[in-house]
Amino acid sequence: MVNDRVMEKLGILADAAKYDVSCSSALSKRENKNKGLGNAKGYGICHAFTEDGRCVSLLKILLTNHCIFDCAYCVSRKSNDIKRAAFTVQEVVDLTIGFYRRNYIEGLFLSSGIFDNADFTMERLVRIAKKLRTEHKFNGYIHLKAIPGASDELLKEAGLYADRLSVNVEMPTEKSLKLLAPDKNHIDVINPMKYLKNEIIGYKEEKKTNYKTPLFAPAGQSTQMVIGATQENDLEILGMADYFYQQMNMKRVYYSGYVPISYDNRLPAIGTPVPMIRENRLYQADWLIRYYGFDVNEIVGFNQPNLDLDIDPKLGWALRNLNQFPVDINTTDLEIIKRIPGIGYLSAQKIVAARKFKKLLPQDLQKMGIAYSRSKYFLAFATPFQLQKDLTSIQIKHHILNFQKSKYKNDFSNQLALF
């Protein structure tokens with residue numbers, strides 16, 4: 001049974017962890033061996049939805065909300081007058097195993113404030129993962145925060161037990177980080193990212209020649225940026241994300257809309273709406289860069305450094321490039337089809353496969369589940385010819401906005417409770 005003191009800690013440290021959004025177990029395939037406990041398949045967790053519609057969860061907590069840093073944007077900053085708590089290593093292990101056996105969770109997402117120094121904290125995070133893997137034969141998903149400034153030896157050991165590691169860059173630019181967290185700098189984040197990148201590549205190469213080579217962070221590494229706390233534009237934010245993808249082999253960059261938590265004239269005032277729509281647009285743009293072949297400068301640029309909040313980035317690009325439309329869905333290349341608003345990555349592949357057998361018409365696209373009410377403005381068919389060729393980009397935008405309804409509201413959704 002979990003005692004009252006541990007439950008009190010859980011309430012404090014689960015609530016403190018809700019601001020960290022960088023949790024996904026995608027691409028991890030740790031299998032259950034020797035009658036161990038659990039497994040980590042390639043699906044997302046932490047109240048995330050999988051491709052087949054299931055909602056799965058994890059124990060998402062901080063080891064402690066004590067911290068030696070005074071970052072203005074962080075609820076756990078040392079100057080903040082909040083209730084503090086810290087788990088022991090064994091308490092986290094027991095909670096994880098207990099909740100897993102009760103089918104409450106499918107993995108662990110563990111972050112932490114900084115106790116005394118980076119190594120002191122990182123050593124405890126590693127001990128938790130090691131005990132779960134070696135003593136309890138736990139094969140479920142484990143995501144650990146890699147503490148900036150921790151030694152390479154501890155980072156390496158963490159990678160041997162965790163499915164994913166993440167080093168949060170926090171602020172998109174060095175200038176903003178120095179403004180809100182004067183004791184921190186970007187180089188302390190970049191260095192462990194480089195180390196993990198090289199280790200992940202090295203272990204993968206070794207695995208090709210020696211099948212006994214252990215897994216090392218099989219789900220890769222990720223990072224997170226706080227959005228809306230400072231004045232960076234979307235060009236700067238997406239440029240930094242693209243750098244991480246290109247230079248650090250990052251699996252995911254997460255964007256966390258800033259939740260006003262303090263009376264500080266360097267930050268948006270308490271009561272300022274959380275920039276949820278902007279956060280969503282950044283995720284959409286991020287997806288276009290990773291999967292649709294877009295360059296950052298095609299989505300945003302010096303003339304338009306911020307994303308249009310009214311429409312998604314792909315539609316914004318298409319409206320700025322009407323000279324490239326309409327296109328014939330039956331003959332154009334896959335890469336062009338993926339750029340048509342209303343047609344997703346998988347739908348584009350379905351179109352290319354289906355047109356081998358017949359000439360596709362609007363009703364065929366609708367049967368595939370394509371958002372034809374949006375894509376029709378960018379398509380041309382030989383028979384019948386349905387191009388709205390007399391419409392300007394402003395008119396097309398107006399028609400689409402009148403048809404759609406946003407799912408976003410100006411409120412903040414709290415993390416779901418464990419009980």
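What is the distance in Å between the Cα centroid of region 78-105 and that of region 304-325?
Rounded to whole Å, the Cα centres lie 45 Å apart.
Can you pick out the pairs among LYS60/LYS208; LYS137/LYS208; LYS18/LYS130 whose Cα atoms lie more than 27 Å from each other?
The pairs that break the limit, which is 27 Å between Cα atoms, are LYS60/LYS208.
Between the DSSP loop rule and a limit of at most 13 other Cβ atoms within 10 Å, which trypsin sites (Lys or Arg not before Pro) in region 225-293 are left?
Taking region 225-293 and a limit of 13 other Cβ atoms within 10 Å, the loop trypsin sites (Lys or Arg not before Pro) found are ARG266.
How about region 113-217: which chymotrypsin sites (Phe, Trp or Tyr not before Pro) there lie in a loop by DSSP and see at most 12 other Cβ atoms within 10 Å?
TYR211
Quick query: amide H of VAL169 versus all other amide H atoms, modeled in the peptide plane; which residues come in under 5 Å with a sequence gap of 5 or more or a different chain?
When sequence neighbours closer than 5 places are left aside, the close amide H contacts are GLN224.
When only the heavy atoms of the protein chains count and the probe is 1.4 Å, how do ASP70, ASP152, ASP183 rank by accessible area, highest first?
From most accessible down to least: ASP183, ASP152, ASP70.
Skipping prolines and chain starts, which residues have an amide H placed within reach, meaning under 5 Å, of the one on LEU63, given they are 5 or more residues away or on another chain?
Excluding prolines and chain starts, which carry no amide H, the hits are SER111, SER112, GLY113.
Averaged over all directions, how much area does the convex hull of the C-alpha atoms of the chain cover when projected, in nm²?
23.2 nm²
Please turn the phi angles of region 306-319 into ³J(HN,Hα) values with the Karplus equation 6.51 cos²θ - 1.76 cosθ + 1.60 (θ = phi - 60°), one per residue in order, whole Hz, x for glycine and proline.
So the Karplus estimates, Gly and Pro as x, are 10, 6, 6, 6, 7, 9, 6, x, 5, 5, x, 5, 4, 5 Hz.
Figure the gain on full extension for ASN297 and GLN349 (residue separation times 0.36 nm, minus the Cα-Cα span) and round it to one decimal in nm.
Separation in residues times 0.36 nm, less the Cα-Cα distance, equals 16.2 nm.
If you fit an axis through the alpha-carbon atoms of helix 4-16 and take the longest principal axis of the Cα set of the chain, what angle between them do you get, 0 to 90°, nearest 10?
The helix 4-16 is inclined about 40 degrees to the chain.
Going through region 265-318, which chymotrypsin sites (Phe, Trp or Tyr not before Pro) have at most 11 other Cβ atoms within 10 Å and a DSSP loop state?
PHE302
Explain nothing, just compute: Karplus ³J(HN,Hα) = 6.51 cos²θ - 1.76 cosθ + 1.60, θ = phi - 60°, for every residue of region 361-371 in order, whole Hz, x for Gly and Pro.
Karplus values, whole Hz, x for Gly and Pro: 10, x, 5, 5, 5, 5, 5, 6, x, 6, 6.
Relative to the longest principal axis of the C-alpha atoms of the chain, give the angle of the C-alpha long axis of helix 118-130, reported between 0 and 90° and rounded to the nearest 10°.
80 degrees
If amide hydrogens are placed 1.01 Å from N in the peptide plane, which non-local residues have theirs closer than 5 Å to the one on ILE227?
Residues meeting the criterion, in which the H sits 1.01 Å from N, are SER256, GLY257, TYR258.
To the nearest 10 degrees, how steeply does helix 152-161 sit against the main Cα axis of the chain, on a 0 to 90 scale?
Compared with the principal axis, the helix lies near 70 degrees.
Please go through the residue pairs LYS131/LYS251; LYS145/LYS338; LYS78/LYS194; LYS175/LYS251; LYS9/LYS197 and name each one whose alpha carbons sit more than 32 Å apart in this structure.
With Cα atoms farther than 32 Å apart: LYS145/LYS338; LYS9/LYS197.
Which order do you get for VAL352, VAL327 if you rank them by accessible area with a 1.4 Å probe, largest at the top?
VAL352, VAL327
The values are calculated or read from the model by the stated rules, or taken from the named source; none is laboratory data. Owing to the predicted nature of the structure, the values given are computational and were not obtained by experimental measurement. Heads up, the Cβs are rebuilt from the backbone with ideal geometry, glycines too, and the neighbour counts pull from every protein chain shown. Note: accessible area is taken over every heavy atom of the protein model, side chains too, but ligands, DNA and RNA are not part of it. Shrake-Rupley method; radii C 1.70, N 1.55, O 1.52, S 1.80 Å.
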